[in-house]
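Visitor: Here it is, the structure in full.
The values are calculated or read from the model by the stated rules, or taken from the named source; none is laboratory data. Because the structure is a prediction, the values reported are computed rather than measured. Neighbour counts run over all protein chains shown; Cβ positions are idealised from the backbone, glycine included.
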Amino acid sequence: MKNMLPKGYLFSTVEAAVKKPGRQDIALIVSAVEADMAGTFTTNTVKAAPVKLCIRKIASGTGQAIVVNSGNANACTGQQGMKDAREMVSIVSKEAGLDQDLVYISSTGVIGTPLPMERIRQPLKTLAKKIGTATLDEVAATIMTTDTFPKVVHKKLKICGVSGTISGICKGAGMIAPNMATMLCFILTDFAVDRKTLGAVLKSAVNRSFNRITIDGDMSTNDTVMMMANGLAGNEPINAKAPDLAKFQKALDEITYELAELVVKDGEGATKLVEVLVKGARNEKDAEKAAFAVANSSLVKTAIYGNDANWGRIICAVGYSGISFKEEKADIYFNKVKVVKDGLANNKDKEATAELKSKKIRITVDLKSGKAEAKVLTCDLTEEYIRINAEYRT
């Protein structure tokens, strides 16, 4: 997939036995030149040390490298956690010959346990010396925790006649809730994008993708999305007035949505990907609230797992979502099968049950109260989810 990568990015991975031995668990992403940088982070009041550090750094709008570990979140670790995060940045910057202010850091894994720095220091030095020896796919595998597969998406496109690429990787499978979701995501492009515009397009893409997924309603301390734009494609910098801005935004939207789908598809113990579409709402905010109420309902999610077309749980969730609507106007669909018409059963339960055996299901609620709509991604809820999370620290 080397020909799919944006120009000027190099990678390395190393094993440090952060949580346990036997796998690569620290990765490094480096741009050949200083890049413009944007990011969005968890809104949880409790933020991990690396998140706090990155929030301060991202204000500069520039960066060149990201070091990331799995196995330990470095969250709720006090002043020692901040000291360890800074030390990791310091080691990588010194060994790789990079400006310390341009090196960012992310962590994911168990909360409340200090980083095993005695096992990490030497591997970090090796990591910095091995730049260019790994692939983006290997980085995606390195940052996994309970994920069952690496998540990588590429888009090639032309902006004002110049060819370039946007590539994205992420990890995430559980503790997934809106305002991102126990996930780390790194997006790389060789297009030049001015700093203000980069922040705006990333925020827009995240709002309609990672901010609209939910697996279990829990929000992490480490959620991070960062994007680097190094300009090596050679285009004139994309700004708010660029004729191809919409084209760039569309490609970025597609990348973040595809990555969001992969996160939900890989939901801990999940067997089905579920898209909840609420349309015909008075405004987008109402549509989003109703869609999240359905997507977060354990009763809906367990019914989906059991192939039970229990639409009563769906209309109930919309009812407690806090939006105003008339139930006697609402229609509900499982894929294309209408199970509710004007608020009443449509006697299509048998057909709907057959639809629920699919691996990808769309629940549509048409409120017929306006023209706004919103989509939220979720998955079914299974016994395996309980097993995975009961044993997470062991």
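Visitor: Kindly list the number of the only condition in (1) among the aliphatic types (A, V, I, L, M); (2) surrounded by fewer than 21 Cβ atoms within 10 Å (Cβ to Cβ); (3) closer than 20 Å to residue 208 by Cα that fails for residue 281.
Guide: Answer for residue 281: the failing condition is (2).
Visitor: Please note which strands (runs of 3 or more DSSP E) are completely contained in the stretch 314-394 and include at least 1 residues that are closer than 25 Å to residue 262 by Cβ and of a type in the set (Asp, Glu). Explain how you work it out, then say what you get.
Guide: Working: elements: 331-334, 337-341, 360-366, 372-379.
Ranges flagged: 372-379.
Visitor: Are any residues in the stretch 339-361 surrounded by fewer than 17 Cβ atoms within 10 Å (Cβ to Cβ) and either in contact with a Phe, Trp or Tyr (Cβ under 7 Å, 6 or more places away or on another chain) or closer than 15 Å to residue 277 by Cα (or both), and if so, which ones?
Guide: 360
Visitor: Criterion first (buried (at least 21 other Cβ atoms within 10 Å of the Cβ) and either of a type outside the set (D, E, K, R) or touching a residue at least 24 places away in the same chain (Cβ under 8 Å) (or both)) does residue 59 satisfy it?
Guide: Considered against the rule, which asks whether it is buried (at least 21 other Cβ atoms within 10 Å of the Cβ) and either of a type outside the set (D, E, K, R) or touching a residue at least 24 places away in the same chain (Cβ under 8 Å) (or both), residue 59 comes out as no.
Visitor: Can you find a residue in the stretch 253-262 that is touching a Leu at 6+ places or on another chain (Cβ under 8 Å) and over 21 Å from residue 349 (Cα atoms)? Lay out the reasoning, then the answer.
Guide: If we filter the stretch 253-262 for residues that are touching a Leu at 6+ places or on another chain (Cβ under 8 Å), which is where we start, we get 260-261.
Next, from what is left, pick out any that are over 21 Å from residue 349 (Cα atoms): 260-261.
Yes, the conditions are met somewhere in the stretch 253-262.
Visitor: Does residue 146 meet the test of being β-branched (Val, Ile, Thr), over 17 Å from residue 29 (Cβ atoms) and modelled with pLDDT under 95?
Guide: Yes: the conditions hold for residue 146.
Visitor: Hey, another quick one. Could you list, ordered by first residue, the pairs with Cβ atoms under 7 Å in which the first is in the stretch 338-367 and at positive phi and the second is hydrophobic (A, V, I, L, M, F, W, C) and at pLDDT 95 or above, at least 6 apart or interchain?
Guide: 343/330
Visitor: Same structure, new question: Hey, among 100, 79, which residue is among the polar types (S, T, N, Q) and over 19 Å from residue 48 (Cβ atoms)? Give the steps one after another, and end with the answer.
Guide: Working: 79 fails: over 19 Å from residue 48 (Cβ atoms).
Just one listed residue meets the conditions, 100.
Visitor: Evaluate the stretch 244-260: report whether one residue or more is part of a strand (DSSP E or B) and of a type outside the set (S, T, N, Q). Quick ask: steps written out before the conclusion?
Guide: Applying the first criterion (part of a strand (DSSP E or B)) to the stretch 244-260 yields none.
Scanning the stretch 244-260 turns up no residue that is part of a strand (DSSP E or B) and of a type outside the set (S, T, N, Q).
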